[in-house]
Amino acid sequence: MKKIILPFLIGIFSMAMVSCEYDNYEKPNVRLYGNIVYQGEPINVKYNDVNLQLWESGWDLNYRIDVTVSPEGAYSALVFDGDYKLIIPSHQGPFRSIENAETQSDTILVSLNGDYHMDIEVEPYYMVRNTQFSVSGNTLSTNFGLEKIIKDIDAKDIETVYLYVNKTKFVDFDARVADAALAAGDIVDMNSISLSLTIPELVPTQNYVFARVGVKIAGVEDLLFSAVEKVNL
Amino acid sequence: MKKIFYIAIIFTALGWGCDDESFLNKEPKNILLESQIWEDESTVLSIIADLYVRFPEYQTVTGWQEFTNFDEAFASSNGDYWRHKSSEYGYDWWRMWDYELIRHVNLFIEKCELADEVLLPSKPRFLAEARLLRAAYYFEMVKRMGGVPLILESMQYDFSGDPTYLQFPRAKEYEVYDFILSELVDIKGDLPDDVNIKSRATMALDLAMQSRVALYAGSIAKYGQNTPTVTLPGGEVGIPAQMADAYYQKALDAAEELLLDGTYSLYEKKEDLSDNFARLFQDKANNPEVIFVKDYLQSEDGAISNPWTLVNQPWSGAEDLEGGRLNPSLNLVQSFEKLDNTYETFQTVDDAGNFIFYDNPSDIFAGRDARLEGTVMIPGSKFKGKDLDIWAGFILPDGTKVSGTYFGDKKTLPGKDVEEQVVGYDGPIDSREYSAQSGFYVRKHMDEATGSGQRGLKSSTWWVRYRLAEVYLNAAEAAFELGNSAKAATHMNVVRHRAGFTIPLVASDINFDRIFNERRVELAFEGHQLWDMKRWRIAHEIWNGITQELTNDPGKADAVQTRVFGLWPYKYYDPAGSENNGKYVFVEKLPAEVTTAHRFRLGNYYSEINDGIINSNPLIVKNPNQN
């Protein structure tokens with residue numbers, strides 16, 4: 001009996017060793033990263049709301065690599081060295097892309113040879129300016145301005161502005177413990193918009209919250225946000 | 001000598017074998033040849049039956065879960081709570097790109113056309129059926145994907161290494177709708193006009209389908225203007241606004257042709273209007289309303305029986321160890337009007353904030369649209385002659401609640417020394433699957449026959465795809481959109497009269513909200529909701545991802561419905577002599593498993609065409625607003 005088992009085991013082991021070669025691929029090792037920016041300033045969006053696409057040509061079949069933009073407007077992808085095309089799909093994000101000089105379109109050519117940092121310059125419809133938060137008691141107030149960036153034929157109106165508060169750094173209409181809204185019609189001065197809300201009881205208790213301002217632009221699905229700020233109570 | 005003899009035998013044997021030409025031309029005994037098929041009615045019938053079985057469906061009785069994705073119902077089943085915990089619908093949801101099905105129906109049409117009409121006398125009917133099915137398949141695709149390539153004949157690859165001649169671009173969205181409508185007009189005369197044919201195509205189905213298809217196209221043309229980014233420059237998605245009226249007119253004409261014909265009528269056989277409404281989906285004998293169904297048969301063969309009653313039966317009277325999965329939401333229940341044609345939320349507390357007490361749990365639902373109790377099992381009602389036991393526990397004067405964690409759980413109430421039942425045998429208990437976690441069970445499509453709730457038998461109830469009430473509502477909507485509110489009111493009143501409304505609506509009552517709500521309550525759990533919300537372009541507004549309380553304005557088309565709510569009955573416990581002891585009070589409740597608000601994004605209006613499809617056919621353009 002033993003005589004049979006030993007060669008059998010050896011056979012299985014050697015098969016296992018050999019087959020390792022076939023299904024072990026090299027892992028992606030090159031990092032492409034950066035921010036979506038307007039004049040160097042990152043554009044804040046909602047978590048999981050805005051995507052970029054990387055396409056590598058030269059293969060028989062084309063499959064995209066989805067790259068999600070973080071709430072702070074940053075993106076990163078772990079890929080291989082090579083030549084890629086980076087695309088911001090149309091109607092993604094509260095901005096429009098700028099025509100790339102090289103490709104005469106919104107496609108950006110990216111040639112990777114090692115880690116690469118690249119900020120993508122876009123034109124947002126608006127920018128949230130001078131956001132300030134203040135707390136008195138359990139009322140959180142904010143004051144901010146909105147600067148209209150796109151003024152040509154693509155210009156869009158504001159629909160509603162929101163103030164969101166959450167216990168964690170993810171702050172948007174999905175992740176929030178309280179919010180306040182102001183319709184565009186009620187905005188008097190675009191340079192000084194005020195909103196306030198009552199912070200509900202937090203379970204478990206914590207002596208800080210995260211807050212930011214969201215802007216719904218008419219006809220644009222993805223909201224524009226200000227930077228997340230930690231506010232101590 | 002012997003050797004020679006053997007050799008001779010072998011040669012003779014071989015000679016015989018080879019001699020016969022037909023040896024290699026024998027008729028196979030295990031498959032049918034084309035020529036044999038197309039000269040026999042019953043064989044052709046079995047092929048067309050296969051095409052009927054493959055009729056694409058989204059929400060149907062074999063998939064109760066799909067009804068819980070939006071706001072009509074809560075999913076009371078451990079494996080399906082995620083439907084209330086995930087925010088966004090994937091861009092690939094509702095995708096359909098089934099050109100195998102299209103090829104098979106095209107092959108059927110091509111071969112049937114060559115058949116000999118003497119041997120196959122029903123040839124025109126078979127052809128008309130196949131063309132209707134092809135139109136229906138394309139309708140399913142266009143409402144999910146927008147314009148798709150219109151492939152009307154079977155394609156053959158020539159193995160030349162270059163398949164580009166087989167690649168076709170997407171048709172414009174309206175071209176697909178126009179194709180469907182022209183096919184339906186074309187074949188109508190070849191279909192039988194027989195009210196007793198329910199599971200095959202009839203002239204009535206043709207007209208009903210025309211009215212639905214044209215109505216969809218018309219509303220996409222009209223309401224598509226509200227979502228300008230949900231279009232493609234080539235017209236593959238989006239229909240020009242100026243085409244709206246023509247489509248609405250077609251929808252109205254087709255619907256009225258069927259309504260004025262008079263062969264079909266609304267089902268009105270039972271005196272109790274709620275029972276009547278529920279029976280409409282079960283009564284297979286001389287049902288004058290039902291136009292087209294998928295039929296089922298109570299059987300040990302799971303493939304042909306209808307599981308709806310088994311999976312949704314009330315737990316307290318269940319015939320097997322499951323049930324109670326689909327719990328209609330309060331969102332839906334409060335959409336049923338009061339009999340004076342007004343909307344009202346349920347009154348649980350008075351102006352001072354004190355509970356309102358009800359002697360019977362069903363009292364709070366009294367005086368409403370009869371369709372409510374025909375669609376939903378409310379607390380205090382019966383199923384299969386058995387009382388339901390829906391109550392969430394006792395509520396004490398200080399507001400404390402005493403409840404249990406299991407069906408019919410027992411506890412000792414304060415001031416007592418014996419244990420007693422503190423929660424109904426149907427729940428509601430949070431996170432307890434099969435309990436009525438919204439406070440309601442579903443009644444529509446439920447079979448009252450014995451055994452229909454047993455795993456080994458299930459139900460014979462059919463799945464109604466087209467019925468006359470929808471045609472009335474199609475006519476009403478088309479008339480309203482064409483500016484004829486008086487006619488819209490007339491058509492709506494027929495349906496509302498059957499539901500127990502005695503005050504007819506007049507032209508000035510008709511507005512979009514009325515049209516919206518009438519479809520919502522009449523056609524709940526019949527697989528219309530998603531397509532209606534899409535074509536009216538309000539899906540992204542009512543499921544906007546924003547966490548909001550339940551609307552206090554039922555009947556409003558654009559009210560936010562991102563989460564499903566429930567209404568829980570409690571027994572009031574105040575033995576110290578209060579006259580309200582033992583009476584029922586109600587609490588509006590967000591089921592504990594509902595944690596996230598649904599979000600329908602603009603990219604959900606037309607499902608994603610994946611990279612694989614585009615790789616094999618680069619002429620295909622993508623749908624808008626997706627990543």
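Bear in mind these aren't lab numbers, they're just calculated from the coordinates by the rules spelled out. These numbers were taken from a predicted model, which means no experiment stands behind them. Cβ sites come from the backbone with ideal geometry, for glycine too, and all protein chains shown count toward neighbours.
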Legend entry - Averaged over B:614-627, number of beta-carbon atoms from partner chains that fall within 10 Å: 3
Inset, instruction - For chain B, calculate the relative contact order in percent as a whole number, restricting contacts to Cα pairs under 8 Å that are 6 or more residues apart. - result: 19 percent
Legend entry - Three principal axis lengths of chain B [C-alpha, angstrom, descending]: 118, 74, 50
Inset, instruction - Could you work out the Rg to Rh ratio of region B:287-400, with Rh taken as the Kirkwood radius (inverse of the mean 1/r over all Cα pairs)? - result: 1.05
Legend entry - Debye log10 I(q)/I(0) for the protein assembly as shown, one point scatterer per Cα, at q = 0.06, 0.08, 0.09, 0.11 Å⁻¹: -0.52, -0.88, -1.08, -1.42
Inset, instruction - Distance between Cα centroids, region B:79-106 to region B:218-247: provide it in whole Å. - result: 23 Å
Inset, instruction - Filter the GluC sites (Glu not before Pro) in region B:107-193 down to the DSSP loop ones having no more than 15 other Cβ atoms within 10 Å, then list what survives. - result: B:E117, B:E153
Legend entry - Shape category assigned to chain A from the gyration tensor of Cα positions, a/c cut at 1.5: oblate
Legend entry - Within straight-line cross-link reach of A:K156, lysines at Cα separation under 23 Å, skipping those fewer than 8 residues along the same chain: A:K46, A:K148, A:K216, B:K222
Legend entry - Radius 9 Å from Cβ of B:H540, net charge of other residues (Lys, Arg +1; Asp, Glu -1): +1
Legend entry - Inter-part distance where region B:442-511 and region B:349-396 are each reduced to a Cα centre, Å: 24 Å
Legend entry - Positive minus negative residues near B:P591 (Lys, Arg vs Asp, Glu; Cβ under 15 Å): -3
Legend entry - DSSP-defined beta bridges in region A:126-232 - what % are antiparallel, rounded to 5: 100 percent
Inset, instruction - Consider a paramagnetic label point 7 Å from the Cα of B:T405 along Cα→Cβ; state which residues of region B:58-77 have an amide N under 16 Å from it. - result: none
Legend entry - Efficiency of FRET from Cβ geometry, B:D158 and B:E57, R₀ 51 Å, rounded to 0.05: 0.90
Legend entry - Against the rule of thumb 2.2 N^0.38 Å, how large the Cα Rg of region A:30-123 comes out: 1.02
Inset, instruction - Would you mind counting up the charge near B:E257? Only other residues with Cβ under 12 Å from its Cβ, with Lys and Arg at +1 and Asp and Glu at -1. - result: -3
Legend entry - Gain in span if fully extended, B:V349 to B:D320, counting 0.36 nm per residue against the direct Cα distance: 6.6 nm
Inset, instruction - Can you pull the one-decimal nm distance between simple spin-label points at B:D261 and B:L119, each 7 Å off the Cα toward Cβ? - result: 3.3 nm
Inset, instruction - Could you check the simple spin-label distance between B:E110 and A:F80, using points 7 Å along Cα→Cβ, in nm with one decimal? - result: 4.1 nm
Inset, instruction - Round to the nearest 0.05 the FRET efficiency obtained for A:K167 and A:M118 when R0 = 51 Å and r is the Cβ-Cβ distance. - result: 0.95
Legend entry - Computed helical MRE - 222 nm, the protein assembly as shown, DSSP H runs ≥ 4 contributing -39500 (n - 2.57), nearest 500: -8000 deg cm²/dmol
Inset, instruction - Give the peptides B:618-626, A:92-100 in descending order of average Cβ contacts within 10 Å, highest first. - result: A:92-100, B:618-626
Inset, instruction - Just list whichever of B:K188/B:K250; A:K151/B:K622; A:K169/B:K85; B:K250/B:K487 have alpha carbons separated by over 18 Å in the model shown. - result: A:K151/B:K622; A:K169/B:K85
Inset, instruction - Could you calculate the FRET efficiency of B:N552 with B:W93 from 1/(1 + (r/R0)^6), where r is the beta carbon distance between them and R0 is 30 Å, rounded to 0.05? - result: 0.50
Legend entry - Full-stretch length increase - A:Y47, A:Y208 - with 0.36 nm per residue and alpha-carbon distance subtracted: 55.9 nm
Legend entry - Karplus (6.51, -1.76, 1.60) ³J(HN,Hα), θ = phi - 60°, over region A:216-233, in Hz, Gly and Pro reported as x: 9, 9, 4, x, 10, 6, 7, 7, 9, 10, 8, 5, 5, 10, 8, 10, 7, 8
Legend entry - Qualifying chymotrypsin sites (Phe, Trp or Tyr not before Pro) for region B:80-186 [loop in DSSP, other Cβ within 10 Å: at most 13]: B:Y157, B:F159
Inset, instruction - Just subtract the alpha-carbon distance of A:L182 and A:V30 from 0.36 nm times their residue separation and send over the number in nm, one decimal. - result: 50.3 nm
Inset, instruction - Take the alpha carbon atoms of region B:546-612, find their center, do the same for region B:135-165, and report the distance between the two centers in whole angstrom. - result: 42 Å
Inset, instruction - Would you kindly calculate the translational diffusion coefficient of region A:126-232, applying Stokes-Einstein with the Kirkwood radius from alpha carbon pairs, for 25 °C and a viscosity of 0.890 mPa s, and quote it in µm² s⁻¹ without decimals? - result: 173 µm²/s
Legend entry - Pairs of lysine residues in region B:341-472 - Cα separation under 29 Å, sequence separation of 8 or more or cross-chain: 17
Inset, instruction - Please average, across the residues of A:63-71, the number of beta carbons from any other chain that are within 10 Å of each residue's own beta carbon, and give a whole number. - result: 1
